[in-house]
Amino acid sequence: MAEKKASITHQLQAAKHKSGKSYSQLAKETGLTNVYVAQLLRRQAQLKPETAPKLQAALPDLPQELIQEMMIPPLRSYDPNLIQDPTIYRLNEAVMHFGESIKEIVNEEFGDGIMSAIDFYCSVDKVKGVDGKDRVVLTFDGKYLPHSEQACIFLDQVTESLGLQFYPLFGIWVTIWATTGVDFQ
């Protein structure tokens, strides 16, 4: 599986290289963020059918079979050795350094919850700082997901309406359809 993904990624990167276009140029042509285009070409995101014609127009050397492959949900993974790359290490370091403060502000502004990495937009932009030097702007734009209180009353209502019963099994509560006739007590 990993070899197949590596082979496909290599072909996708070759098509990008042959086009001579940057991720930001491809993003403008497809209406996606530059990071999402990079994710597509690394098989870390799924190409949607409505976006496929735009990507194929932006990368005309991309074979139809690769376009079809990109529409299959990918195996999203990462190589643990990537942390050794200085850019990736610095990103990790920045999140570790600022993470606790960012979490506290998220909780202060939104309540107890998290930022989604599924309903999520990410982009990388280049700007000039006040000193005239190049600066990197990373934008993480994720949907807020509040943690829910796990009230048993809700669970009881759901299980009753579906005809389910919960039983302790090896210290774990399991759900059994009430109609099975299995009695774990």
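May I ask you to verify whether A38 is touching a Ser or Thr at 6+ places or on another chain (Cβ under 7 Å), within 23 Å of K126 (Cα to Cα) and surrounded by 11 or more Cβ atoms within 10 Å (Cβ to Cβ)?
Judged against the criteria, A38 is not a match.
Return the residues of the range 35-90 that are assigned by TED's automatic domain parsing to the domain that holds S7, of a type in the set (S, T, Y) and assigned to a helix (DSSP H, G or I); say none if nothing qualifies.
If the condition is that a residue be assigned by TED's automatic domain parsing to the domain that holds S7, of a type in the set (S, T, Y) and assigned to a helix (DSSP H, G or I), then Y36 is the only one that fits.
So which of K16, K54 ends up being surrounded by 12 or more Cβ atoms within 10 Å (Cβ to Cβ), on the phi < 0 side of the Ramachandran plot and touching a Gly at 6+ places or on another chain (Cβ under 8 Å)?
K54
Being surrounded by 12 or more Cβ atoms within 10 Å (Cβ to Cβ), in contact with a strand residue (DSSP E or B) (Cβ under 9 Å, 6 or more places away or on another chain) and either modelled with pLDDT under 95 or of a type in the set (S, T, N, Q) (or both) is true for just one of L162, L155. Which residue is that?
Exactly one residue qualifies, and that residue is L155.
With the checklist (1) on the phi < 0 side of the Ramachandran plot; (2) touching a residue at least 24 places away in the same chain (Cβ under 8 Å) in hand, flag the one item R90 doesn't pass.
If we test R90 against (1) on the phi < 0 side of the Ramachandran plot; (2) touching a residue at least 24 places away in the same chain (Cβ under 8 Å), just (2) comes out false.
Could you run through the range 95-123 and say how many residues are small (G, A, S) and more than 19 Å from the chain's Cα centre (by Cα)?
Number satisfying all stated conditions: 2.
Counting only residues that are among the basic types (K, R) and under 22 Å from E149 (Cβ atoms), how many does the range 77-120 have?
Residues in the range 77-120 being among the basic types (K, R) and under 22 Å from E149 (Cβ atoms): 1 in total.
Looking at the range 117-140, can you tell me whether even one residue there is part of a strand (DSSP E or B), in contact (Cβ under 8 Å) with a residue 40 or more places away in the chain and of a type in the set (G, A, S)?
yes
Output yes when any residue across the range 57-74 is on the phi > 0 side of the Ramachandran plot and surrounded by 16 or more Cβ atoms within 10 Å (Cβ to Cβ), and no when none is.
no
Kindly list, by first and then second residue, each pair from a residue in the range 1-26 that is more than 20 Å from D125 (Cα to Cα) to a residue that is of a type in the set (D, E) and assigned to a helix (DSSP H, G or I), limited to pairs with Cβ atoms under 8 Å and residues at least 6 apart or on different chains.
I8/E69
The values are calculated or read from the model by the stated rules, or taken from the named source; none is laboratory data. Since the structure is predicted, the reported quantities are computational estimates derived from the model, not experimental observations. Cβ atoms come from the backbone with ideal geometry, glycine included; neighbour counts cover every protein chain shown.
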